[in-house]
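What follows is one structure encoded as structure tokens, with my remarks underneath.
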Amino acid sequence: MTQSSLLPPSARLPPIRQIREHSLDGLAKLVDYLRAVYNPPVRGSRRVNRDKSKKPLGGQRREGGDTVEQLRADEFERAYAVRWLTGLVSQASLLEDPSDDYDDQDTSASSRMLEDKVDALICSAAALIAICAGTSAARTLTRQYQFSSPLLASDVEVYVRDVPIAVDEDTPTVGTQTWGGACLLAEMLVEDPGRFGLSEDALARPGRVRILELGAGTGLVSLALSRYLTARFPASTGVQASVEVVASDYHPLVLDNLRYNTEANFSDGPPFDEPFDLILGADVIYEQTHALWIRDCVATLLRRPTAALNPRFHLVMPLRPTHAVESRDVQDVFLPEHGVSAGSQNFARMDWELCVLEQETIVCEAEEARGRAEVEYVHYVIGWV
């Protein structure tokens, strides 16, 4: 995003009457600019080592010293953006693309290419009209996520609805919003499923593989993994039928939104009548009692090891100064592997302990009003010892 991109919409966008004079690529860039302003990524969800050339929009300033956060809150500019997008959509049938040369292609093929480009542009603009109505913290917002996999020809796409956080009996429904840890864990799962015990060989073994996400909130992690599995393994392979993914939470309002997101991407979900081979959790520990609750859930629902299986619980949580106690609680309830005496190889034994087997710190970029910032997350791999 260049410095000129940070001008307000009233200065950055061409007059509505001149929209047809711009190329489709140029118009697409203007729509992307509005999306970056009014539908920013979830805070702290972009790993620093993934693409260091990209800089967070929130760390840049436009002339006059206004940050993007201030620009996003400007009612006049947002209304201007809505009017401009509406004008763009209304002129869809009149748009042409003088920037492209179709001389070497037959008329019907070039016409289809033009129609496809116009349709993509209008769909993107129409989606932004609703988004520009306000800020994501104060209204319902549907986000589109794309996750890349080296094993797929195209990205995994997930649509998730975030709804305003409500306070019910002094308990805020934080699970109705998508948080950075969920974005990070979903990206890691799709990028390298083998790291989570979901290699093709593991999924092809006899029997079912059961996966549980604790404190799923909007369900992004479960939905991303499920859509990856659907794309990677066609129904004819039989793998889809042998894998069950369950997204769980507890607050009624969070569950209503989770059900909505699940039904928007898939038709149904499995029960809790069997243990799980893989359990996932992102941003689920933010009060002192939560670590113990999560430990008890995992102890009940994570399958015990066998000669062929090594069930795991993957937990991602931010390292915030305000949550230092919660971070220590995780280390207290999930002991390090070296702190527990090694058990026998008798897989029928009853004295299994949940321990931290691996731990890593991941740094992500974040938007801040004062400039570029970073958010640290810790990724725990927890299993039976």
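Look at the range 242-274 and say how many of its residues are assigned to a helix (DSSP H, G or I) and either more than 19 Å from F196 (Cα to Cα) or at pLDDT 90 or above (or both).
Residues that pass the stated criteria total 14.
Considering only the range 270-285, I want to know if a residue exists there that is of a type in the set (F, W, Y), under 23 Å from the mean Cα position of the chain (by Cα), surrounded by 14 or more Cβ atoms within 10 Å (Cβ to Cβ) and under 17 Å from R205 (Cα atoms).
Scanning the range 270-285 turns up at least one residue that is of a type in the set (F, W, Y), under 23 Å from the mean Cα position of the chain (by Cα), surrounded by 14 or more Cβ atoms within 10 Å (Cβ to Cβ) and under 17 Å from R205 (Cα atoms).
Residue-wise test of (1) at pLDDT 75 or above; (2) crowded, with 17+ Cβ neighbours inside 10 Å; (3) part of a loop (DSSP other than H, G, I, E, B).
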site	(1), (2), (3)
L292	yes, no, no
C297	yes, yes, no
A308	yes, no, yes
Q331	yes, no, no
L357	yes, yes, no
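Condition first: surrounded by fewer than 16 Cβ atoms within 10 Å (Cβ to Cβ) and at pLDDT below 95. Can you find one or more residues in the range 216-234 that meet it?
Among the residues of the range 216-234, at least one is surrounded by fewer than 16 Cβ atoms within 10 Å (Cβ to Cβ) and at pLDDT below 95, which makes the answer yes.
If I go through the range 195-213 residue by residue, how many of them are touching an Asp or Glu at 6+ places or on another chain (Cβ under 8 Å) and not in a loop (DSSP other than H, G, I, E, B)?
3
Can you run down the residue pairs with Cβ atoms below 6 Å, 6 or more apart or on separate chains, where the first is in the range 81-97 and β-branched (V, I, T) and the partner is crowded, with 19+ Cβ neighbours inside 10 Å?
These pairs meet every condition: V82/C132; V89/I122; V89/A125.
The values are calculated or read from the model by the stated rules, or taken from the named source; none is laboratory data. All of these numbers come straight from a predicted model, not from anything done at the bench. Because the Cβ atoms are built from the backbone with ideal geometry, glycine has one as well, and the counts that use them run over all protein chains shown.
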